[in-house]
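Student: Sending over a structure as structure tokens; questions will come in a sec.
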Amino acid sequence: MKNIVAIYPGSFDPVTNGHLDLIHRGSKLFDKLVVAIARNMDKAEALFSMPERKEMLMAMTGDLDNVVIDTFEGLLVSYCIQQGANAVLRGIRAISDYEFELQMALMNRKMEPRVETVFMMPAEQYSYLSSRIVREIAKLGGPLQGLVPAMVEERVRERIAQRHISAPRKHLL
Ligand code: ADP
């Protein structure tokens, strides 16, 4: 029997119901799933620190025995080899994700042929959901119900109130 260890990389700022949908699907498919928070986001735009993101992810996945949460820096494929992982899990929401994901997957394969990228689709109701859109809705005072777990919603609201963030309107929300 093959032992498939997959890495699910992302910024998870914050974790959304779309991420959790993928984590649940991945935990059924792989022997072990490492949710890996990438330390590469523009700090000025970040809502939560790495330890905060990790804590929220841990709280939301505590019931999944084969899921662990970690952080990483540098090349994803180097981290995969270091973890003994043979797969990368990525989510595809819409056609717009495809081009970028294809480029990443093929470049990662070129650098490290031992690691295979696996794409999964979330449940339809999460196909328009991203952490960025959650941050924007929250900054504009909109509802987050159904987009993130209740505990995450509370943390997002607290953080926005603390920072007195008002919305620089970027999109037509
Ligand atoms: P964001 O949520 O802002 O798009 P992340 O870097 O945290 O960004 O995403 C990490 C991975 O999770 C990516 O593969 C992304 O495609 C996937 N993902 C994010 N949101 C969803 C969702 N709603 N459904 C499926 N996959 C998703």
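Student: Keeping to the stretch 58-85, report how many residues are under 21 Å from H24 (Cα atoms) and surrounded by 19 or more Cβ atoms within 10 Å (Cβ to Cβ).
Tutor: Summing the residues that are under 21 Å from H24 (Cα atoms) and surrounded by 19 or more Cβ atoms within 10 Å (Cβ to Cβ) in the stretch 58-85 gives 6.
Student: Looking only at the stretch 144-173, which residues are open to solvent by 40 Å² or more (accessible area, probe 1.4 Å), modelled with pLDDT under 95 and part of a loop (DSSP other than H, G, I, E, B)?
Tutor: Those that are open to solvent by 40 Å² or more (accessible area, probe 1.4 Å), modelled with pLDDT under 95 and part of a loop (DSSP other than H, G, I, E, B): H164, I165, S166, P168, R169, K170, H171, L172, L173.
Student: Filtering the stretch 5-33 down to residues that are surrounded by fewer than 23 Cβ atoms within 10 Å (Cβ to Cβ) and closer than 15 Å to L76 by Cα, which residue is farthest from the ligand (Cβ to nearest atom)?
Tutor: V5
Student: Follow-up. Take V88 and tell me if it is more than 10 Å from the ligand (Cβ to nearest atom), open to solvent by less than 70 Å² (accessible area, probe 1.4 Å) and aliphatic (A, V, I, L, M).
Tutor: no
Student: Tally up the residues in the stretch 75-112 that are out of contact with any strand residue (DSSP E or B) (no Cβ under 8 Å at 6 or more places or on another chain) and among the polar types (S, T, N, Q), please.
Tutor: Adding up the residues that qualify gives 4.
Student: Of all residues in the stretch 108-124 being open to solvent by less than 100 Å² (accessible area, probe 1.4 Å) and assigned to a helix (DSSP H, G or I), which is farthest from the ligand (Cβ to nearest atom)?
Tutor: M111
Student: Output the strands (runs of 3 or more DSSP E) that fall wholly within the stretch 1-98 and possess 2 or more residues being of a type in the set (G, A, S), or say none.
Tutor: 5-10, 32-38, 87-91
The values are calculated or read from the model by the stated rules, or taken from the named source; none is laboratory data. Here the structure is a predicted model, which means the values were calculated and not measured. Cβ coordinates were reconstructed from backbone atoms using ideal geometry, including for glycine residues, and neighbour counts include every protein chain displayed. Just the protein is used for accessible areas: all its heavy atoms, side chains included, with ligands, DNA and RNA removed. Shrake-Rupley method; radii C 1.70, N 1.55, O 1.52, S 1.80 Å.
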